[in-house]
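Let me begin by presenting the structure, written as structure tokens, before commenting on it.
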Amino acid sequence: MKILAVNCGSSSLKFQMYEMPEENVLISGVFERIGIENSFYTIKINGEKIKKDVILNNHEDAVRILVDELLERKIVDSLDEIKGIGHRVVQGADKFDKSVLVDDSVLKTIDELSSLAPLHNPAALIGINAFKEFVPNASHVVVFDTAFHQTMAKETYLYALPYELYEKYGIRKYGAHGTSHKYVTEFMNNYYKENKKLIVCHIGSGASITAVKDGKVVDTSMGFTPNAGVIMGTRTGDIDASIIPYLIKNLDYSADDIDKLINKESGFKGITGGISDSRDIEDGIKAGNEKCEIAQKMFVRSIVNYIAKYYVLLNGVDAICFTAGIGENSILTRQNIMDSLSCLGVTIDNDANSNRGKFIKVSGDDSKIDCFVVPTDEEVMIARDTFEIVK
Ligand code: ADP
């Protein structure tokens, strides 16, 4: 059965088409700079990568080109062969604890949740509507980034704010990156052939740490929004909330200014004065840039603090897993984190840790906690959920 996994951002559309249940990828690609000048798309097929410059005024343009490519390249003879299309949705709040088939009430709820994810949920809706128009006979499924975190206990997801802010306005912890955390959890529990106590570190330019027991989330570092938790490329992570009224009262910040400050101008970028990419931070460290050194130390400390907290919460842990751009590729960051965990009996296998982007155990044989690199695969999770619902 042919299933398409789709991830719509405000100016991008990523896709991956699978033959299920074999999970063979038939074609994948990304449309970028939708609605902006110099838009283009790239597709990968049979190991070949093709880039084309095109005008993409909106997501409909991208979907139109995508379906033409699928037909021209004979991925399908008719669009009716696409039985299911799975769409990633960032925010499902406490309304969805699993992936669901799209109907009008689901679309309405996603729309109502846009205030919690103002850039992402509207983009997903635009994508769903565009695909419904061009592939009308496919079933559409939505896969929520928050769903896997719905198993957190109330004492974990509540903030110590007046209770009515939770009851009336839904202000609580929801977490994010759930699809990735779930992929790594299932991968590791399969590997061990039993459910283990895991700490999953999804560290890319956005980063979150999740504690998992019996295949279920116990706690996660992101909160009401993805701004909470560890330091990130451009986000603050946890800060003293009173900094915000201080900035408003004394430096004349507006709500939009604050939003931009804490989400786009902080983290690595804020500390170093402009460097947000972890590769550039590492280059800076090599060149003796003091701000890059301090940014990396703060980043590592913020991750280690969460690991320590979750070690206690889980009453010990079997495995720590590193995933996403930095987790899969930054040898230095993994080394720094594992070195900081020596008091918990973590040892490092430096040869294994010199690898990038592949599944490998990076802790030493004598380590009290196993540490792994586990490349994440959010697209296959979308395809799996879609296939299960559609079949
Ligand atoms: P997101 O999906 O949140 O945009 P990614 O998971 O793609 O983020 O991760 C992007 C991050 O991964 C960037 O900070 C980038 O520098 C980092 N990264 C990618 N490759 C490497 C590498 N070889 N060494 C260090 N960091 C890397």
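Just to be sure I understand the curve: with the Debye formula and one point per C-alpha of the stretch 105-225, what is log10 I(q)/I(0) at q = 0.11, 0.14, 0.19, 0.22 Å⁻¹? For the requested q values the scattering log ratios are -0.47, -0.72, -1.09, -1.23. Measuring only protein heavy atoms, the 1.4 Å probe finds Met232 accessible over about 0 Å². Per-residue accessible area (protein heavy atoms, 1.4 Å probe) orders Asp77, Asp349 as Asp77, Asp349, starting from the largest.
At 222 nm, what value in deg cm²/dmol follows for the chain if DSSP H runs of at least 4 each add -39500 (n - 2.57) and the sum is divided by all its residues, to the nearest 500? Counting only the DSSP helices, I get -12000 deg cm²/dmol. Global dimensions of the stretch 138-207 from alpha-carbon coordinates: Rg and Dmax equal 15.3, 45 Å. Ratio of Rg to Rh for the stretch 1-122, alpha carbon only, Kirkwood? A ratio of 0.98. The C-alpha radius of gyration of the chain, expressed as a fraction of 2.2 N^0.38 Å, stands at 1.00.
Using a 1.4 Å probe on the protein heavy atoms, what percent of the accessible area of the stretch 145-195 belongs to carbon and sulfur? Ligands and nucleic acids excluded, carbon and sulfur reach 51 percent.
In µm²/s, what is D for the stretch 175-334 at 4 °C and 1.567 mPa s, where D = kT/(6 pi eta Rh) by Stokes-Einstein and Rh is the Kirkwood radius from Cα pairs? Roughly 79 µm²/s, to the nearest whole number. If you average the C-alpha positions of the stretch 216-273 and of the stretch 36-106 separately, how far apart do those two centres end up, in angstrom? Rounded to whole Å, the Cα centres lie 32 Å apart. Expressed as a fraction of 2.2 N^0.38 Å, the value expected for a compact globular protein of N residues, the C-alpha radius of gyration of the stretch 75-140 is 1.17. Secondary structure note: in the chain, about 65% of the DSSP beta bridges are antiparallel. Once a ≥ b ≥ c are taken as the square roots of the eigenvalues of the Cα gyration tensor of the stretch 183-239, is the result rounded (a/c under 1.5), prolate (a/b larger than b/c) or oblate (a/b not larger than b/c)? Prolate, since a/c reaches 1.5 and a/b exceeds b/c. Taken per residue, the accessible surface of the stretch 109-252 reaches 44 Å², heavy atoms only and a 1.4 Å probe. For the residues Ile243, Ile331, Ile307, a GNM of the chain with alpha-carbon springs under 10 Å puts the largest fluctuation on Ile243. Only protein atoms count toward the accessible area here, which uses a 1.4 Å probe; on the stretch 240-317, the carbon and sulfur part of that area reaches 51 percent. Remark: for residue pairs Lys132/Lys193; Lys182/Lys391; Lys297/Lys361, the C-alpha separation exceeds 31 Å in Lys132/Lys193. Rolling a 1.4 Å probe over the heavy atoms of the protein chains gives the stretch 273-319 an accessible area of 57 Å² per residue. Computed over the chain with a Gaussian network model linking Cα atoms closer than 10 Å, the most mobile of Leu107, Leu251, Leu119 is Leu251.
Calculated over the stretch 28-83, the projected area of the Cα convex hull averaged across directions stands at 3.9 nm².
The values are calculated or read from the model by the stated rules, or taken from the named source; none is laboratory data. From a predicted model like this one, the values you see are computed outputs, not experimental measurements. For accessibility, only protein heavy atoms count, side chains too; no ligands or nucleic acids. Shrake-Rupley method; radii C 1.70, N 1.55, O 1.52, S 1.80 Å.
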